[in-house]
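Reading through the structure tokens given below for one structure.
The values are calculated or read from the model by the stated rules, or taken from the named source; none is laboratory data. A quick note: this is a predicted structure, and the numbers were derived from the prediction, not measured. Heads up, the Cβs are rebuilt from the backbone with ideal geometry, glycines too, and the neighbour counts pull from every protein chain shown.
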């Protein structure tokens, strides 16, 4: 399998935050080599698209790894933005995404990319183990643990953290499940995870250093209920998925 990685950054009104993260990410990925970066603007207004485009074009003069901005006319949700970017992988055999806020640092992105091996997906995990540091508000940590327990119990998957915003997936494994993926909101990670597992793709959770960044788009109570509803829908559809021979 090729070592090339196509890394997508889903964005919705993130031009003010990505300016601190994207230059450092470009530096790390250029030093690492074999990575393309695509920012996907998920239906933001015209003014925001112009601002994001200016940030990216300024960096593209210095970093060949950074592709032109992909701007979606409608807001598809985080999963929709990621999958839209993954639909244009070039020659890469690995698909990845990372959140625009920089909570997962460029150094950690590079570390996970270097850990990839054939047939295995890597999901970053916010767990304080193996010397890793997680700086997270207690209420967010508590809701995260409740949600992770809900996912584990309803879907019978022993996962600690399905929602951390850094994941790397073998392209062939994703293309084998893409047609069955329906969730496009914040719970898309859960559907992606169970679809990969159900088709025999190994997933490794990797503890990372992670820090809370202000300005997130997730509303704790409202979006938690929506994500829980998505988990129930995933469980209902899962029994209808056809397993490969």
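Identify all residues within segment 46-71 that are assigned to a loop (DSSP other than H, G, I, E, B), out of contact with any strand residue (DSSP E or B) (no Cβ under 7 Å at 6 or more places or on another chain) and touching a residue at least 12 places away in the same chain (Cβ under 8 Å); write none if there are none. 62, 63, 64, 68 - these are the residues of segment 46-71 that are assigned to a loop (DSSP other than H, G, I, E, B), out of contact with any strand residue (DSSP E or B) (no Cβ under 7 Å at 6 or more places or on another chain) and touching a residue at least 12 places away in the same chain (Cβ under 8 Å). Only one residue in 140, 145, 120 is modelled with pLDDT of 95 or more and within 28 Å of residue 181 (Cα to Cα), so which one is that? Sole residue among the options that is modelled with pLDDT of 95 or more and within 28 Å of residue 181 (Cα to Cα): 120.
Within segment 1-45, the residues that satisfy the criterion of being modelled with pLDDT under 95, in a helix (DSSP H, G or I) and loosely packed, with under 14 Cβ neighbours inside 10 Å are 16, 20.
Residues of segment 106-128 that are assigned to a loop (DSSP other than H, G, I, E, B), touching a helix residue (DSSP H, G or I) at 6+ places or on another chain (Cβ under 8 Å) and crowded, with 19+ Cβ neighbours inside 10 Å: 126 alone. For segment 187-202, a residue qualifies if it is buried (at least 19 other Cβ atoms within 10 Å of the Cβ) and either without any contact (Cβ under 8 Å) to a residue 24 or more places away in the chain or more than 23 Å from residue 91 (Cα to Cα) (or both), and the qualifying residues are 187, 188, 189, 190, 191, 193, 194, 195. Residue 92 falls short of the stated requirement of being in a loop (DSSP other than H, G, I, E, B), at pLDDT 95 or above and over 26 Å from residue 179 (Cα atoms).
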